[in-house]
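Take a look at the structure below.
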Amino acid sequence: MPNCPECTAREKKKIQEKYEADTPEEDRQRDDLFKLFDEIEFPMKMDEKNRRNFVCNRCGLYATREEVSDIRYRLNQKERTREDKQDDYLEWWQKSKKEKELS
């Protein structure tokens, strides 16, 4: 059974914030954090009426296996931060005029 992507993402965020607050920066290791992430489980139950859909008892998400993977992919994508946009603009600004016309 797949895990609920939304509940898992929320729980990962809580664990990461708590880990960063409780652990000094020099003692932090990504392996420890990933071990904590592996312990997270929110299994979805198969819908009795429609065998293709899954339901999360915690948040009520109702989705097919494909929709669950799409949600998981979207949640795992890195959000573009303001710094990323500024870096892109700076990179564009520093290009020559000919390169700007081509793009």
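Under the definition of Cα pairs under 8 Å and six or more residues apart, what whole-number percent is the relative contact order of the stretch 1-58?
43 percent
How big, on average over all directions, is the shadow cast by the Cα convex hull of the stretch 1-50, in nm²?
Average projection, Cα convex hull of the stretch 1-50: 3.8 nm².
Any of 13/78; 12/49; 13/35 with alpha carbons more than 24 Å apart? Name them for me.
Pairs exceeding the cut-off: 12/49.
If we count other beta carbons within 10 Å of each Cβ, what is the order of 44, 1, fewest first? Please report the intermediate quantities before stating the final value.
Working: 44 23, 1 10.
Least to most surrounded, the residues fall as 1, 44.
Taking the simple approach of a point 7 Å from Cα along Cα-to-Cβ for both residue 101 and residue 1, what is their distance in nm?
Computed distance between label sites residue 101 and residue 1 equals 6.3 nm.
Residues with amide H under 5 Å of residue 53's amide H, sequence separation 5 or more or different chain, H placed in the peptide plane at 1.01 Å from N; which?
Close amide H contacts, sequence-distant or interchain: 47.
Using only the alpha carbon atoms of the stretch 5-102, find the Kirkwood hydrodynamic radius as the inverse mean reciprocal pair distance, in angstroms to one decimal.
17.2 Å
Could you run the Karplus curve 6.51 cos²θ - 1.76 cosθ + 1.60 with θ = phi - 60° over the stretch 57-72 and give me ³J(HN,Hα) per residue in whole Hz, x for Gly and Pro?
Karplus values, whole Hz, x for Gly and Pro: 6, 7, 10, x, 4, 10, 8, 7, 4, 5, 5, 4, 5, 5, 5, 4.
Taking only C-alpha pairs under 8 Å that are 6+ residues apart, what is the relative contact order of the chain in percent?
Across the chain, relative contact order equals 27 percent.
If you rank 34, 42, 54 by fewest surrounding Cβ atoms within 10 Å, what's the result?
34, 42, 54
A short reminder: the numbers here are calculations on the coordinates, not readings from a lab. Bear in mind the structure is a predicted one, so any value in this text is a computation, not a measurement. Cβ sites come from the backbone with ideal geometry, for glycine too, and all protein chains shown count toward neighbours.
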